[in-house]
Structure formats: structure tokens, C-alpha cells
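See structure below.
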Amino acid sequence: MRVIAIANQKGGVGKTTTAVNLGAALAAAEMPTLLIDCDPQANATSGLGFNKDSHAPQLYHVLLGEVSLPDVIRKTQMPQLSLVPSSPSLIGSEVELIREPQREFRLATALSHLDRNLFRFVIMDCPPSLGLLTINALAACDSVLIPLQCEYYALEGLSHLLRTLRLVRSRLNPRLFIEGILLTMFDGRNNLSRQVEQEVRRHFSDRVFRTVIPRNVRLGEAPSHGKPVLLYDISCAGAKAYLSLARELLHGQGGPS
């Protein structure tokens with residue numbers, strides 16, 4: 001079982017779009033995949049057709065120790081893709097856990113109760129911050145995938161995130177490595193997008209995925225229908241890009257970086 005956190009403290013870079021559609025693409029490749037929505041905005045939950053305002057048990061209750069992780073797993077429209085849902089109540093967990101011992105390891109402990117033979121991949125969608133929820137995901141995962149928007153400020157904040165990853169690796173999770181940097185919202189007609197891509201590849205070379213996620217209307221429309229883009233329009237450029245990313249992830253070696 002391979003556990004990957006999708007993280008970047010900058011908002012609007014495509015974390016949830018990547019979590020949902022990479023999860024769906026892995027599921028389409030016959031890889032049983034679990035998506036854990038670690039974001040109180042719960043967009044991954046609603047993007048897969050679930051009510052994010054539901055009072056049913058979800059990740060919040062898992063982190064507080066009220067239920068176990070297997071008890072909150074939900075099947076989605078894709079046979080090989082399952083979800084641990086979230087809701088806005090998850091924001092309260094950061095306050096409620098602040099004085100608890102081992103608070104950074106609540107998600108890791110929850111994952112330890114999961115049968116590792118059930119899933120080939122666990123994808124965790126992190127909130128746009130480096131707070132306790134993201135730290136829990138980083139302490140529980142094997143690797144982190146960093147979506148990076150192709151815009152002027154793309155590299156701002158990345159150095160902060162990389163410092164945080166080094167701290168987490170040294171203090172909480174020595175096995176943590178960077179799965180890769182994923183360029184998102186790429187517009188090939190835009191000189192700035194191409195310049196950002198060149199700059200990122202120059203600085204981070206083999207840490208950057210070959211696959212680039214384009215700006216694509218269908219990617220933006222799919223969540224409003226409660227579907228990953230593969231179920232909404234499998235022929236669109238966005239769907240093809242996430243299928244390509246899944247292939248790259250499956251065929252890549254993966255290792256410390």
C-alpha cells in the first residue's frame with residue numbers, strides 16, 4: 001500500500017483536482033485506491049458526489065478516536081475508488097487535538113488499523129495550510145506530491161514547504177520523500193506558463209513530473225456534477241493528462257529525494 005499526500009500550503013493550485021482525478025485514474029488502471037479528504041472545505045467529498053454537510057461519521061470522528069478508519073470508508077461511482085469523507089466540522093479537530101499527546105500521529109494511527117491488502121494506493125487531499133491536518137497527513141504518508149500552478153508566484157512558498165518537509169522527515173516521518181512536483185493549470189499559448197515550466201524544471205529537474213496538467217474547462221465542470229473528470233468527459237485534455245500522470249506514477253521508481 002502506497003500512501004501519497006497531495007500538499008501545498010498555497011491555495012488554488014489544483015490539490016483537490018489532482019487528488020480526485022489521480023485517484024480516479026489509478027482506479028481506472030485497476031489499482032484499488034482510497035482517497036482521504038483531509039480538508040475541512042471537503043471539496044474532494046462533494047467532488048465525488050457526497051454531501052459534505054452530512055452528519056454521518058467521517059474523518060473528524062476518526063481523528064478524535066470515536067470511530068475507526070474502516071468504519072467511514074464509502075464506495076464511489078468508480079468500482080476501484082473509495083473515499084474517507086470530510087466536512088467543515090473537521091476544522092474543529094485542530095483545536096480539539098492541540099493538547100492531546102501524539103496529536104501529529106492521529107492519522108498514521110488510524111491508517112494502521114486499515115488492512116494494507118485492501119488498497120494499492122491511499123491518496124490524501126491536504127488543506128491549503130501547514131497546520132495540524134497537513135502535518136498529520138505528512139506524518140502518515142510515504143511521499144508527497146506537490147501541485148504547482150504555472151503562474152508568476154508559483155515558486156513563492158515552495159521553499160517554505162520544502163523546509164517543512166525536511167522538518168517532518170527529521171522529526172516525525174523519516175521515510176517521507178517527494179514523489180514529485182506536478183505543474184498544473186498550464187496554458188501553452190501563454191509565454192508565462194512556458195517560462196514557469198522552464199524555471200521549475202531548471203531548479204528541480206528530475207523531481208518534476210513529465211506530465212503537465214493543462215487549463216481545461218471540463219476539469220472545472222466535473223466537480224459540480226459530483227464526478228471525477230474520467231466519468232464526466234474521458235476524452236478531454238484534463239482526463240488524458242491525469243491518465244498520463246497515473247501511468248507515470250505507476251511506472252516511476254519512487255524513492256527518497
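Counting the residues of region 209-232 that are β-branched (V, I, T), assigned to a helix (DSSP H, G or I) and surrounded by fewer than 21 Cβ atoms within 10 Å (Cβ to Cβ) gives 1. The residues of region 101-120 that are surrounded by fewer than 24 Cβ atoms within 10 Å (Cβ to Cβ) and not in a loop (DSSP other than H, G, I, E, B), listed by number, are R103, E104, F105, R106, A108, T109, A110, L111, S112.
Restricting attention to region 121-146, the residues being surrounded by fewer than 22 Cβ atoms within 10 Å (Cβ to Cβ) and part of a strand (DSSP E or B) number 1. For E94, the criteria (1) surrounded by 15 or more Cβ atoms within 10 Å (Cβ to Cβ); (2) out of contact with any strand residue (DSSP E or B) (no Cβ under 8 Å at 6 or more places or on another chain); (3) among the acidic types (D, E); (4) over 19 Å from N43 (Cβ atoms) hold in every case but one, which is (4). A154 fulfils the conditions (1) in a loop (DSSP other than H, G, I, E, B); (2) closer than 19 Å to F177 by Cα; (3) out of contact with any Ser or Thr (no Cβ under 9 Å at 6 or more places or on another chain); (4) among the hydrophobic types (A, V, I, L, M, F, W, C) except for a single criterion, (2). You will find that of V168, V200, the residue that is of a type in the set (A, V, I, L, M, F, W, C) and either over 30 Å from Q102 (Cα atoms) or touching a residue at least 40 places away in the same chain (Cβ under 8 Å) (or both) is V200 and no other. Applying the criterion of being at pLDDT below 95 and among the charged types (D, E, K, R) to the residues of region 26-57, the residue that is nearest to E248 (Cα to Cα) is K52.
On the basis of being more than 18 Å from L22 (Cα to Cα) and modelled with pLDDT of 95 or more, does L162 make the cut?
no
Answer yes or no: is there a residue in region 176-187 that is in contact (Cβ under 8 Å) with a residue 60 or more places away in the chain and among the charged types (D, E, K, R). Taking every residue of region 176-187 in turn, at least one turns out to be in contact (Cβ under 8 Å) with a residue 60 or more places away in the chain and among the charged types (D, E, K, R). Looking only at region 233-254, residues that are surrounded by fewer than 20 Cβ atoms within 10 Å (Cβ to Cβ), more than 17 Å from E30 (Cα to Cα) and modelled with pLDDT of 95 or more come to 4 in all.
The values are calculated or read from the model by the stated rules, or taken from the named source; none is laboratory data. Source: prediction; values computed, not measured. For neighbour counting, all protein chains shown are included, and Cβ atoms are generated from backbone atoms with ideal geometry for every residue, glycine included.
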